[in-house]
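Here is the structure we will look at, set down as structure tokens.
Throughout, read-outs are computed from the coordinates displayed, never taken from laboratory work. The shown structure was predicted, so the numbers you read here are calculated from the model rather than taken from an experiment. Every residue, glycine among them, receives a Cβ derived from its backbone with ideal geometry; neighbour counts consider all protein chains shown.
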Ligand code: SF4
Ligand code: SF4
């Protein structure tokens, strides 16, 4: 049963792809953290990482398109051995593409990653960093002991390199709720973050994006353990906002997995909702798909999609309305 699909039908809405503007590549599930809300179930013991051969195939496909943005996510994308190679190859493409690194901040301080922040700055990579609160208690509860202090140290280092200060080095932060509730209004939270981080730590950044936790993977397990899954689903469904549909990220983002599989979004990726042909018998990889045949494709949905359409909506670029 897909209650989201039914809800769209009731509203007389359809969810189809528009022009692809972002290639979001999830390069693997390896991460130095094990956050409570993680929809990827990422962690230090995960073995799934994108190989150089797959990176080459992704880049070759991208080179045939004009998709302007490459968005690297994970896990901690920086932990794959060929992370820098990936960025160097994107940088060689014409026309030039914007590159985003979804960074958990603490990775910038880990042994073995010295010079990583400097590399990102030199390559003009935009950083979108997770920072679920401006207070230590909430950050450590969600992401682990010591993560708050590490995040502050990393943000200061990024500021020193010009991130969040210079126009060509954007630094955006991501807020997601620490429990089963919707984010507060994005503009208000951004103002709070800017005030608190500047006052107490001298940190500046560009924008704050609020993201709703989707009831899948580790967050779904957390809800189930606390007997809150049904209640949370109810909250999301009751907050359905049809005005969010047009801006949903699955409309302009192509999601690619560590083996090159293709999906409508990173959430569908974690739920194995891979694109296919011939009634599901032939699973598709990025290089199986003609870039010109993606527009207007029907998007695969499920109950989890209510997480993107609740309230002000949610996407990798924050609230939608
Ligand atoms: S939420 Fe991000 S930082 Fe935390 S475990 Fe998942 S991938 Fe790693
Ligand atoms: S989870 Fe969100 S982004 Fe993904 S297909 Fe559903 S509505 Fe679209």
Relative contact order as a percentage, the chain, C-alpha pairs under 8 Å and 6+ apart, gives 23
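Go ahead and run the numbers for FRET between residue 277 and residue 241, Cβ-Cβ distance against an R0 of 30 Å, rounding to 0.05.
Numbers: r = 33 Å, r/R0 = 1.10.
After rounding, the FRET efficiency stands at 0.35.
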Hits in the range 67-107: amide N under 19 Å from the 7 Å Cα→Cβ extension of residue 45, namely 75-76
One finds, for residue 156 and residue 3 with R0 = 45 angstrom and r their Cβ-Cβ distance, a FRET efficiency to the nearest 0.05 of 0.50
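Report the relative contact order of the range 107-151, percent, no decimals, based on alpha-carbon pairs under 8 angstrom and at least 6 residues apart. Walk me through the numbers before you get to the answer.
Values: 20 pairs, mean separation 10.4, N = 45.
Averaging sequence separation for qualifying contacts and normalising by length gives 23 percent for the range 107-151.
With n ≥ 4 as the cut-off for DSSP H runs, can you work out [θ] at 222 nm for the chain, using -39500 (n - 2.57) per run divided by the number of residues, rounded to the nearest 500?
Values: 11 runs with 102 residues, N = 321.
Mean residue ellipticity at 222 nm (helix-derived): -9000 deg cm²/dmol.
Given the Cα-Cα distance of residue 200 and residue 298 and 0.36 nm per residue of separation, how much length would full extension add, in nm? Walk me through the intermediate numbers first.
Details: separation 98, 0.36 × 98 = 35.28 nm, distance 4.73 nm.
This chain segment gains 30.5 nm when fully extended.
On full extension of the chain, what length is gained from residue 181 through residue 88, given 0.36 nm per residue of separation minus the C-alpha to C-alpha distance? Please list the in-between numbers first.
Details: separation 93, 0.36 × 93 = 33.48 nm, distance 3.97 nm.
So the chain would gain 29.5 nm between residue 181 and residue 88.
What percent does the relative contact order of the range 193-321 come to when contacts are Cα pairs within less than 8 Å and at least six residues apart? Intermediate results must be reported in sequence, preceding the final value.
Numbers: 154 pairs, mean separation 42.1, N = 129.
With pairs under 8 Å counted, the relative contact order is 33 percent.
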Within the chain, the percent of DSSP beta bridges that are antiparallel, given to the nearest 5, stands at 25
So, with points 7 Å from each Cα along the Cβ direction, the residue 123-residue 60 label distance in nm works out to 2.1
Expected unfolding gain across residue 149-residue 289 under the 0.36 nm per residue rule, minus the alpha-carbon gap, is 46.0 nm
